[in-house]
1. Can you list the helices (runs of 4 or more DSSP H) lying wholly within the range 40-125 that have 1 or more residues being surrounded by fewer than 16 Cβ atoms within 10 Å (Cβ to Cβ) and within 14 Å of the chain's Cα centre (by Cα)?
2. Would you mind finding the one in 2, 13 that is buried (at least 19 other Cβ atoms within 10 Å of the Cβ), at pLDDT below 85 and either at negative phi or touching a helix residue (DSSP H, G or I) at 6+ places or on another chain (Cβ under 8 Å) (or both)?
3. Report yes if some residue within the range 54-73 is within 23 Å of residue 32 (Cα to Cα), at pLDDT 95 or above and out of contact with any strand residue (DSSP E or B) (no Cβ under 9 Å at 6 or more places or on another chain); otherwise report no.
4. Among the residues of the range 137-154 satisfying the criterion of being part of a loop (DSSP other than H, G, I, E, B) and in contact with a helix residue (DSSP H, G or I) (Cβ under 9 Å, 6 or more places away or on another chain), which is surrounded by the most Cβ atoms within 10 Å (Cβ to Cβ)?
């Protein structure tokens, strides 16, 4: 049985911490220390702002680092300017410098998604955020050291 929380439920990263509300499209596998982000529809600045705000809060309160898996294959559109993507990536790089190394796997099958993830990866290179793009779930699961089934759980 998976120990996971689904939106709009609450989850705790550590018993001593206060609860954090999961944003839309996010699932957290407590047993794997893995956050799964699976947005649908349009990926907009608002969606990115929500996930970044969640990450800021969760990272501050987590006693253990957690890996991330973002599945961008269910998107209908990406409405993000390249400059915005670069600003967010630079912010994430600077914000995460004080934390231990984590893996952030992106599952993407479109050129637009790969473009924004590549920019994010280049800007965060050298930081504790290890970013990788995958065209299949199996490779992402192997890199994250989890099962494909762990990544398939729907939000």
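The values are calculated or read from the model by the stated rules, or taken from the named source; none is laboratory data. Only a predicted model underlies this, so the values are computations on that prediction, with no experimental measurement involved. When we count neighbours, we look across all protein chains shown, and the Cβ atoms used for this are built from the backbone with ideal geometry, even at glycine.
1. Counting at least 1 such residues, we get 45-61.
2. 13
3. Looking through the range 54-73, none of the residues is within 23 Å of residue 32 (Cα to Cα), at pLDDT 95 or above and out of contact with any strand residue (DSSP E or B) (no Cβ under 9 Å at 6 or more places or on another chain).
4. Applying the filter and picking the extreme gives 146.
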